[in-house]
Amino acid sequence: MDAHHSPGPAGRSRHRRRRSSAVLGVLLVAGLTAGCGVRLEAPPVAEPVPDALEIVRRTAVSDALLVAERAEAALEATPSGRERLITELTRIAADSRVQATELGGVYDSGLATDEPTGSPAGSPSQESGNVPDVVQALVDAAARSRTAAGTTTDGPLARLLASVGAAQTVSAGRLADLADVAGPEPLDPQVPEPTGEGRAAEEATPGGTPSAEASPMPSADATNTAEAVPEGLTAEQLSTLVASEDATGYALRLRAAIADGTRRARLLARAGAHDDRALGWALVAGTQDSAQDPRRAAYTVPRVDDQGDKALVRTLEDGLATDYATLVGTTAAGTRGVLVDLLVDAAVGLDDWGAEPEPFPGLPEQE
């Protein structure tokens, strides 16, 4: 007789009854669980934790929007007869919102949060109609933008932040003059002295980008000092800086020769600053008084027709602003402080000589 024979009808019946009882038991437990309000669900999606670069970006956006809010509030409190002040506040508010947009705007994860809407996270929510408060907001924002531009390892973001900081510095100075209040401290950037053998240009990858791998933020020993020699400058870039600064000084000295009084003094002072920078960059490059020194006895001066001194200075300073903004984006974090300051100085120089203020000085693609 086969020991593995199939169960008979009675065995099959008992098997079906046991299986039916098990199914009913499962359904009963599920029903009781539902009745008690217990749910087996996935945990809610958490808000992403921002990294260092995102914190830098959000801070810049918050600063720009705070400036816009304060400028708009000050507009409402400004008497109708103050036309120049109204025009300036209107421009500052508009430029600040454009800057916030270009920086990426307020972060929105799409998740429901308990944070209030309106002012960006981390910025004061109160508005002020006091013009000095607008000036102070611009000074503070400019300082943070410039510091972040010097320390962030994201080159394009550093370039954008440096430009925004330069624009904010210009706006703070213009508004302070109109309101007769203290403005930003003047800058006097000096090309740092080279160390070692005198040649500070670093080996770079194609395009001038530093070969070291970038991290979200500079290392603990990195500094954002204007006294540091920028790392990542190529020999070609240094040569261009030397020639550009020297050609600017030459053109301004030539113009000063046919000027007199205050005009002549202003042109000569600016020419002297550019001469000093040309010498400084030649020392950094190690080409001073060598066959590789790109400085010449004479240069072709840009034609500005009959627009006078102001047009010439604006043309020259605009070119330098573009050069320095470009180099901010290709040099190493913690060493590019002098380049940031020189971009700011060029933007202030443009304003001093009658150029219309721009939200992104040194960034021709934004025009």
Of the criteria (1) farther than 18 Å from ASP345 by Cα; (2) in contact (Cβ under 8 Å) with a residue 60 or more places away in the chain; (3) touching a Leu at 6+ places or on another chain (Cβ under 8 Å); (4) not hydrophobic (A, V, I, L, M, F, W, C), which one ARG277 fails: (1)
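Using the structure shown, decide if ALA251 is in a helix (DSSP H, G or I) and aliphatic (A, V, I, L, M).
The answer is yes for ALA251.
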So VAL304 clears everything in (1) of a type outside the set (Gly, Ala, Ser); (2) assigned to a helix (DSSP H, G or I); (3) free of Cβ contacts under 8 Å to residues at least 12 places away in the same chain except one condition, right? Which one? (2)
Does any residue of the range 302-309 turn out to be open to solvent by less than 60 Å² (accessible area, probe 1.4 Å) and within 19 Å of LEU187 (Cα to Cα)? no
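Only one of THR153, THR113 is under 30 Å from GLU231 (Cα atoms) and at pLDDT below 95. Can you tell me which?
On inspection, the qualifying residue turns out to be THR153.
Scan the range 357-366 and give yes if some residue there is more than 30 Å from the chain's Cα centre (by Cα), part of a loop (DSSP other than H, G, I, E, B) and at positive phi, otherwise no.
no
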Test: ASP140 is open to solvent by 50 Å² or more (accessible area, probe 1.4 Å), part of a helix (DSSP H, G or I) and modelled with pLDDT of 95 or more: yes
Of all residues being hydroxyl-bearing (Ser, Thr, Tyr) and farther than 29 Å from ALA333 by Cα in the range 47-100, which is least open to solvent (accessible area, probe 1.4 Å)? Just the residue, please. THR78
What pairs come out if I take residues in the range 225-245 that are at positive phi and pair them with residues that are among the hydrophobic types (A, V, I, L, M, F, W, C) whose C-beta lies under 9 Å away, six or more apart or interchain? GLY232/ALA201; GLY232/ALA204; GLY232/ALA212; GLY232/LEU327; GLY232/ALA332
What's the number of the condition PRO302 fails, among (1) closer than 30 Å to GLU367 by Cβ; (2) at pLDDT 95 or above? (2)
Across the range 310-343, which residue is surrounded by the fewest Cβ atoms within 10 Å (Cβ to Cβ) among those that are among the basic types (Lys, Arg) and part of a helix (DSSP H, G or I)? LYS310
What do you reckon, is ALA346 over 15 Å from the mean Cα position of the chain (by Cα), within 16 Å of LEU233 (Cα to Cα), small (Gly, Ala, Ser) and open to solvent by less than 10 Å² (accessible area, probe 1.4 Å)? no
Conditions: (1) at pLDDT below 95; (2) over 30 Å from ILE92 (Cβ atoms); (3) open to solvent by 70 Å² or more (accessible area, probe 1.4 Å); (4) not hydroxyl-bearing (Ser, Thr, Tyr). PRO216 meets all but one. Number of the miss? (3)
Quick check on ALA291: is it of a type outside the set (Val, Ile, Thr), closer than 27 Å to GLY232 by Cα and part of a loop (DSSP other than H, G, I, E, B)? yes
What number of residues within the range 348-367 satisfy the criterion of being closer than 17 Å to ALA64 by Cβ and either touching a Gly at 6+ places or on another chain (Cβ under 7 Å) or modelled with pLDDT under 95 (or both)? 1
Considering the range 270-301 alone, what residues qualify as being at negative phi, out of contact with any Ser or Thr (no Cβ under 9 Å at 6 or more places or on another chain) and open to solvent by 80 Å² or more (accessible area, probe 1.4 Å)? ASP276, ALA291, ARG296, ALA297, THR300
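The values are calculated or read from the model by the stated rules, or taken from the named source; none is laboratory data. Keep in mind that this is a model prediction, so the values were computed, not measured. Using ideal geometry, Cβ is built from the backbone for each residue, glycine included, and neighbour counts are taken over all protein chains shown. Only protein heavy atoms, including side chains, enter the accessible area calculation; ligands, DNA and RNA are left aside. Shrake-Rupley method; radii C 1.70, N 1.55, O 1.52, S 1.80 Å.
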